Amino acid sequence: MVRVPRIIPVDRSNPMAYLNEGDFVMRYRLSKEAVRDLLREITPHLQRIRNNRGCSVPYHLQLLVALRYLATGDLQITMGDCSDMSTASVSKYVKIVATAIARLAARYIHFPQPDEALSAVSQFFSLARMPGVIGCIDGSHIKKISPGGDNAKVYRCRKGYMSLNVQGICDAQMKFTNILCSWPGSTHDARIFENSRIYTRLEEGQYSGHLLGDSGYGCSSFLLTPLLNPTTEKERKYNSAHIKTRNLIERAFGIWKRRFACLSIPLRTKLATLKVIIIACAILHNIAIERRLINDEYELPDEHDDHEHGEERNAAGGPQKRTALINRWF
C-alpha cells in the first residue's frame, strides 16, 4: 500500500494568515504589523452588529476589505465576490473603516508647531540648500462622479472632469502635514490656500520660515514661488533649488495616488464619504512612509492640473524677501 500524504487546506478566510509579507503589502499597502497596530487604534470606533441574521464580520476583515478597496479601487461588487460579502456590506465597511481611520488625523497629519519648524528647515535645506523651508504646497484633483443638483458644475475642473481640488503640504520625507479636501474642482489653488488656517497662521507671523509653491500661487513673505524669467546666475540657481525642493509635493501626490488607486478613478461614493476616504488615504500614506514601505513602482509624478503661468500674483513683501534670499544664499 502507498501512504498518501495528508492534505491540509489553507484557511483562505484570513489573508494575514495565508499571505506572505510581500504579497500582503502588495495587496493592502501596509505590512501585517502596521495593520495590527492600526486595528488596535481604530477598534473602539468600529461597529459590531449583532442580530438574528448571522455572525458579524470580524474587525480585522472589516479593515482588510476597506484597505483592499482603497488600494485597488475595484468595483464594490467585485470586492464583495472576492471577500464573500454582499456589495452593501463592502460599502458599509469601507465607510465605517475610513471614518475610523480619519479620526486619527490629529495624530498622523500635523503641521509643525513654531518651535518644531527648525527641524523641518534643516531637513529641507539638506536636499537642495534651499533655506527657511517649512513645507511644500500644491493642489491635486481627486476625480468623482457628478454629485448632481444645481451646483454640480462647480465640481468641473479645468480639464473637464468632476473633482475635488485637494490641497496638500508635505515635509522633507513626503509625509502630508496638511490636507484640505472640501473645495470643488473649479476652485483655484491660491484661493484654497488663502482661505485656510495655515495661511492665517503664516500671515500672523507665527513662523519665521516659508512654504514653497508653484507659480499659480502669489509670492509672499511666507510662500515663495519660482522666478518666471530668471536672468542672472543667482536667479537660475534659486530656481533650480526651488524646483528640486518643491518637487517633493508632486512626488508625494504621485506616490499617494499610485499607492491608493481609488484616488485615481472617478469615485462613486457620496461626497461626505469621499472626503473621509481622502483623509484616511493621507493617514495611511503617512503610516506607510513611517514604516519605510516605499516602493519604486509608486515613484511616478502626479498628473498635475494647476500649473498656471503669466503675470505673478505677488503680495506685499514677497518679491523683496525672495530677492534678498537670492542675493544672500545663491
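The values are calculated or read from the model by the stated rules, or taken from the named source; none is laboratory data. As the structure is a prediction and not an experimental result, all values here were calculated from the model. Glycine gets a Cβ as well: all are built from the backbone with ideal geometry, and neighbour counts include every protein chain shown. These accessible areas exclude ligands, DNA and RNA; they are computed on the full protein's heavy atoms, side chains included. Shrake-Rupley method; radii C 1.70, N 1.55, O 1.52, S 1.80 Å.
Tabulated data
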{"read-out": "Residues located in the stretch 176-195, provided they are part of a loop (DSSP other than H, G, I, E, B), surrounded by fewer than 18 Cβ atoms within 10 Å (Cβ to Cβ) and touching a residue at least 24 places away in the same chain (Cβ under 8 Å)", "value": "SER186, HIS188"}
{"read-out": "Scan of the stretch 115-151 for residues that are part of a helix (DSSP H, G or I) and either of a type in the set (D, E, K, R) or open to solvent by 60 Å² or more (accessible area, probe 1.4 Å) (or both), ordered by number", "value": "ASP115, GLU116, LEU118, SER119, SER122, GLN123, SER126, LEU127"}
{"read-out": "From the options LEU293, LEU267, residue that is open to solvent by 10 Å² or more (accessible area, probe 1.4 Å), modelled with pLDDT under 90 and aliphatic (A, V, I, L, M)", "value": "LEU293"}
{"read-out": "ARG197 vs. criteria within 22 Å of ARG107 (Cβ to Cβ) and among the charged types (D, E, K, R)", "value": "yes"}
{"read-out": "Qualifying residue in the stretch 228-246 (condition: part of a helix (DSSP H, G or I), open to solvent by 10 Å² or more (accessible area, probe 1.4 Å), under 28 Å from GLU290 (Cα atoms) and polar (S, T, N, Q))", "value": "no"}
{"read-out": "Filter result (open to solvent by 10 Å² or more (accessible area, probe 1.4 Å) and closer than 21 Å to HIS188 by Cα) within the stretch 249-258", "value": "GLU250, ARG251, LYS257"}
{"read-out": "Among the residues listed as VAL166, VAL154, the single one being buried (at least 19 other Cβ atoms within 10 Å of the Cβ) and under 20 Å from ARG268 (Cβ atoms)", "value": "VAL166"}
